[in-house]
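Engineer: Submitted below is the structure of interest, expressed as structure tokens.
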Amino acid sequence: MAELLEVSQVGNPILRQVAQPIDRLNEPIQALINTLMATLLHSNGVGIAAPQVAASYRLFIIASRPNLRYPYAPKMEPTVMINPSLISHSEERVKDWEGCLSVPGIRGLVPRYRTIAVEYCDRQGKLHEQPLTDFVARIFQHELDHLNGIVFLDRLETNLEIVTEQEYLKQMAIGHSAD
Ligand code: ZN
């Protein structure tokens with residue numbers, strides 16, 4: 001089993017750097033992908049970007065699945081995205097709650113494009129182009145921001161749209177028991 005890495009927290013300058021493109025899928029990069037995957041699965045996250053484990057490369061993993069932190073997330077296979085880019089997006093943006101392994105204990109209401117088209121390489125170097133919508137599109141935009149030194153707090157429209165994780169889960173429970 002791959003070792004786990006400590007997740008950098010906001011305040012660490014590595015989270016504010018623009019990460020460098022990956023030009024060769026060599027052994028150290030493959031090892032980094034394995035460690036990133038293990039760290040993500042261990043942490044109840046739905047995505048993780050290399051700068052969050054202090055590796056400033058354009059690489060992230062999206063792994064939407066229901067868990068304690070995101071009980072209503074859709075389930076998908078973990079997808080490794082290397083040198084990802086956003087090719088196009090809908091005009092429509094939607095606001096929803098986001099958290100971040102690098103900003104523990106906090107959620108914020110973040111506007112994101114509802115539908116996007118993206119491009120990335122997989123770990124074999126094959127280029128993929130695909131549309132993403134809703135929650136998965138949101139994760140992509142959140143992780144892409146990490147590669148550009150941006151965290152979700154920077155995207156908030158107002159500080160009034162910040163809650164603690166504890167308060168968020170309390171309000172979610174109330175919201176869903178009313179259904
Ligand atoms: Zn994050």
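The values are calculated or read from the model by the stated rules, or taken from the named source; none is laboratory data. Note that the structure is a prediction, hence the values are computed from the model and not measured. Backbone-built Cβ (ideal geometry, glycine too); neighbour counts: all protein chains shown. Heads up: the accessible areas ignore ligands, DNA and RNA and are worked out on the full protein's heavy atoms, side chains in. Shrake-Rupley method; radii C 1.70, N 1.55, O 1.52, S 1.80 Å.
Engineer: For Gly105, indicate whether it is among the small types (Gly, Ala, Ser), within 16 Å of the ligand (Cβ to nearest atom), open to solvent by less than 20 Å² (accessible area, probe 1.4 Å) and over 13 Å from Val46 (Cβ atoms).
Structural biologist: It is false that Gly105 is among the small types (Gly, Ala, Ser), within 16 Å of the ligand (Cβ to nearest atom), open to solvent by less than 20 Å² (accessible area, probe 1.4 Å) and over 13 Å from Val46 (Cβ atoms).
Engineer: Then there's this: Can you find, within the range 76-102, the residue that is farthest from the ligand (Cβ to nearest atom) among those that are in a loop (DSSP other than H, G, I, E, B) and of a type in the set (A, V, I, L, M)?
Structural biologist: Per the stated criteria, the residue is Met76.
Engineer: Related question: Looking at Ala73, Ala137, Ala117, which one is in a loop (DSSP other than H, G, I, E, B), over 17 Å from Arg58 (Cα atoms) and open to solvent by less than 50 Å² (accessible area, probe 1.4 Å)?
Structural biologist: Ala73
Engineer: Another question, if that's okay. Restricting the range 2-41 to residues that are of a type in the set (Gly, Ala, Ser) and more than 15 Å from Ser56 (Cα to Cα), which is surrounded by the fewest Cβ atoms within 10 Å (Cβ to Cβ)?
Structural biologist: Per the criteria, the residue is Gly11.
Engineer: Another one. Does the range 120-134 hold any residues that are in a strand (DSSP E or B) and of a type in the set (D, E, K, R), and which are they? First the steps, then the outcome.
Structural biologist: Let us first name the residues in the range 120-134 that are in a strand (DSSP E or B), namely 120-121, 127-133.
The one that is in a strand (DSSP E or B) and of a type in the set (D, E, K, R): Glu129.
Engineer: May I ask you to list the residues in the range 3-35 that are part of a helix (DSSP H, G or I) and either within 12 Å of the ligand (Cβ to nearest atom) or under 23 Å from Arg107 (Cβ atoms) (or both)? Even if it seems obvious, please write down each step before you answer.
Structural biologist: Just the residues of the range 3-35 that are part of a helix (DSSP H, G or I), to begin with: 13-16, 27-35.
If the condition is that a residue be part of a helix (DSSP H, G or I) and either within 12 Å of the ligand (Cβ to nearest atom) or under 23 Å from Arg107 (Cβ atoms) (or both), then Ile14, Leu15, Arg16 are the ones that fit.
Engineer: Which pairs do you get when a residue that is within 19 Å of Gln20 (Cβ to Cβ) and within 15 Å of the ligand (Cβ to nearest atom), found in the range 143-164, comes within reach of a residue that is of a type in the set (A, V, I, L, M) and open to solvent by 50 Å² or more (accessible area, probe 1.4 Å), reach meaning Cβ atoms under 7 angstrom, with the pair 6+ apart or on two chains?
Structural biologist: Listed by first residue and then by second, the contacts come to Leu144/Leu86; Asn148/Val18; Gly149/Val18; Val151/Val10.
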